1. Residue by residue, what Karplus-based ³J(HN,Hα) values in Hz, rounded to whole numbers, does the range 175-181 have, using 6.51, -1.76 and 1.60 with θ = phi - 60° and x for Gly and Pro?
2. When the accessible area of the range 109-187 is split by element with a 1.4 Å probe, what percent falls to carbon and sulfur?
3. Keeping all protein chains in place, calculate the accessible area per residue for the range 164-215 (probe 1.4 angstrom), answer in Å².
4. Using 0.36 nm per residue, how much length does the chain from residue 332 to residue 134 gain when fully extended, once their Cα-Cα distance is taken away?
5. Work out, step by step, the length gained on full extension between residue 64 and residue 35: first 0.36 nm times the residue separation, then minus their alpha carbon distance; give nm to one decimal.
6. What figure, in Å² to the nearest 10, do you get for the accessible area of residue 146 with a 1.4 Å probe and non-protein molecules left out?
7. For the residue pair residue 255 and residue 153, what label-to-label distance in nm results when each label sits 7 Å from Cα along the Cα-to-beta-carbon direction?
8. Let me check I've understood the local charge: for residue 310, count other residues with C-beta under 15 angstrom from its C-beta, Lys and Arg +1, Asp and Glu -1. What total comes out?
Amino acid sequence: VLDEKKLHEVDSLWKEFETPEKANKIVKLKHFEKFQDTTEALAASTALVEGKMSKNLKKILKKIVAKDAHEQLAVADAKLGGVIKDKLNLSCIHSPMVTELMRGIRSQVEGLITGLPSRDMAAMCLGLAHSLSRYKLKFSPDKVDTMIIQAISLLDDLDKELNNYIMRCREWYGWHFPELGKIITDNLTYCKCLKKIGDRRNFSSSDLSDVLPEEVEEEVKSAAEISMGTEVSEEDISNIQHLCDQVIEISDYRAQLYDYLKNRMMAIAPNLTVMVGELVGARLIAHAGSLLNLAKHPASTVQILGAEKALFRALKTKRDTPKFGLIYHASIVGQTTAKNKGKIRRISGTGKALARADKYQHKSEVKTYDPSGESTLPLVPKKRKIKAEEEETETPVKAKKAKVAEIK
């Protein structure tokens, strides 16, 4: 810095960097060193982003700045300044003044660094920006759960496709051998039998012991002999068998994908997996967008995650809001009684005793003053007192009647 006085005027400092000529009057290049290649530049940039000091920077600081150790070194990052101070014992400064100075240098960097064409500078900046972005994307910890989101979405898609294919296969072959669909309920076994046998006339002479149990095999063979189905051509059977190949192939891939998802969930979200299972946990992560987003959601939001349509419809029509969303499919919720489904909580140890504490009731006794003890008059028996009252009430009534008679 050539003129330190102007640096103190932070609000008007930008005016000194309006042109390259003005900028050269404020600051002067002390030392400039090019990187050998993009890899070296990327390593230095990532170190700076993480607040660390690369080997090249350490070497340059020792060589150049050590000579002017009595002066302060302005740094754009306070964290990096702390590292430089600890390792090289150099006095570093970071303030709003330094931030404005760095902004000005960046705006006029082409004019301050001589012997470097603007086209080369632009190409280097673009190359480094792309490399840095790729590095951040590759090693971003937030993107680890992307694999889970994609896997659970694909698993759901495969389930839909399998259901469609199996339904189509059963309906298609049902015209030829309708009884088989009632005997073999398992879809994969049904497709394997179809692929192996084809026409129902082949059932009697075929061995299905590797696919079906002995009793079921006998039942299928006897049903094939007296089937009510229509006759079909070899071309029809061939097309149905191709569809069976697809079902078997997709089923195998689905099993492999499920194992992959299970392993990924146990690695990334073990606590969530233990609580609600792999599938429900993965669906919650996918619906929230990421594991971090799911962790930030309050309990009430997690409870109805996946039931947003029903929630807004209920709010619009002023009816009861839904109690569950995706979490309803978790075994811990499904196995609970209907009364406790919306408020599951495990209580163990001493906490159990505390949870069963009796409700506090304030039982205070209010005593009233009895003045009977202070009376000096003799006590009158109850029966005698009632008779006396009756006599008093009867006498005035009779007198009134007599007066009325006289007036008439």
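The values are calculated or read from the model by the stated rules, or taken from the named source; none is laboratory data. Nothing here was measured: the structure is a model prediction, and the numbers come from that model. Note: ideal-geometry Cβ built from the backbone for every residue, glycine included; neighbour counts use all protein chains shown. All accessible areas refer to the heavy atoms of the entire protein, side chains included, with ligands and DNA or RNA removed. Shrake-Rupley method; radii C 1.70, N 1.55, O 1.52, S 1.80 Å.
1. Per residue, the Karplus-derived 3J(HN,Hα) values read 5, 8, 9, x, 5, 4, x Hz.
2. 59
3. Values: 2970 Å² over 52 residues.
Here the per-residue accessible area is 57 Å².
4. 67.1 nm
5. Residue separation times 0.36 nm, minus the Cα-Cα distance, leaves 8.7 nm.
6. Solvent-accessible area, nearest 10 Å²: 50 Å².
7. Each label point is offset 7 Å from its Cα along the Cβ direction, giving 2.7 nm.
8. For residues surrounding residue 310, the net value is +4.
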